[in-house]
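First up is the structure itself, then whatever we jot down about it.
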Amino acid sequence: MLAALAFALPAPLLAQSPIRVPLVPFEVVGDAIPAPLTGVPGDAARGRAIVVDRRTGMCLLCHAGPFPEERAQGTIGPDLSGVGVRLDRAQLRLRIVDARLAQAATTMPSYYRIDGLTRVGTAWRGRPILSAQQVEDVVALLASLGDPTKPATR
């Protein structure tokens, strides 16, 4: 419904009055967001689809990982292989929601934030890159990446 409304508005009007999507409130504790953003557990298979999709998650533009069928993986960010051993779910969640809360100088985009951002494309103004459920799906995938010698869940 929101997508249909967004496409029905003329571009100049959309740029001036973005449709604001309310975010689920969350609490940051140390370097983590302990509570899931949704009541539905994340699904690693859906998370994998988001991570490898260069239009949705855009993760492989900067990161490499155990996704052998994906060509041209990034080298700017850390390799995702074994990230589930290095960080727990709560730490992963914070880094997806807003990595700058863990590392102020990061270049990683905020995937679940809408306020205080600069240079945001018109299509993204007023809404996060990922929904709360998509964040949980990506967290589920990343948490499953424990052994860097095994491919990620398909």
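Values computed for the structure shown
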| quantity | calculated |
| --- | --- |
| Residue check, V52 of a type in the set (V, I, T) and surrounded by fewer than 18 Cβ atoms within 10 Å (Cβ to Cβ) | no |
| Candidate set: the range 97-123, residues that are over 15 Å from the mean Cα position of the chain (by Cα) and modelled with pLDDT of 90 or more; chosen: the one nearest to V135 (Cα to Cα) | Q103 |
| Conditions (1) at pLDDT 90 or above; (2) in contact with a Leu (Cβ under 9 Å, 6 or more places away or on another chain); (3) aliphatic (A, V, I, L, M); (4) assigned to a loop (DSSP other than H, G, I, E, B); number of the one not met by I19 | (1) |
| Among residues of the range 108-150, those that are crowded, with 20+ Cβ neighbours inside 10 Å and at positive phi, counted | 0 |
| Members of the range 59-96 found to be crowded, with 17+ Cβ neighbours inside 10 Å and either polar (S, T, N, Q) or within 13 Å of the chain's Cα centre (by Cα) (or both), listed by number | C59, L60, H63, Q73, S81, Q91, L92, R93, L94, R95, I96 |
| Long-range neighbours under 6 Å by Cβ, at least six apart or interchain, first residue more than 13 Å from A35 (Cβ to Cβ) within the range 79-103, second of a type in the set (S, T, Y) and in a helix (DSSP H, G or I) | G84/S144 |
| Residue count for the range 68-78, restricted to those that are within 28 Å of R119 (Cβ to Cβ) and in contact (Cβ under 8 Å) with a residue 24 or more places away in the chain | 2 |
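Listed here are the residues, each with its yes/no results for (1) among the β-branched types (V, I, T); (2) modelled with pLDDT under 95; (3) more than 24 Å from P128 (Cα to Cα).
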| position | (1), (2), (3) |
| --- | --- |
| V52 | yes, no, no |
| H63 | no, no, no |
| E69 | no, yes, yes |
| A90 | no, no, no |
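The values are calculated or read from the model by the stated rules, or taken from the named source; none is laboratory data. The model shown is predicted, which means the values in this text are computed figures rather than measured ones. Note that each Cβ is placed from the backbone with ideal geometry, even for glycine, and that neighbours are counted across all protein chains shown.
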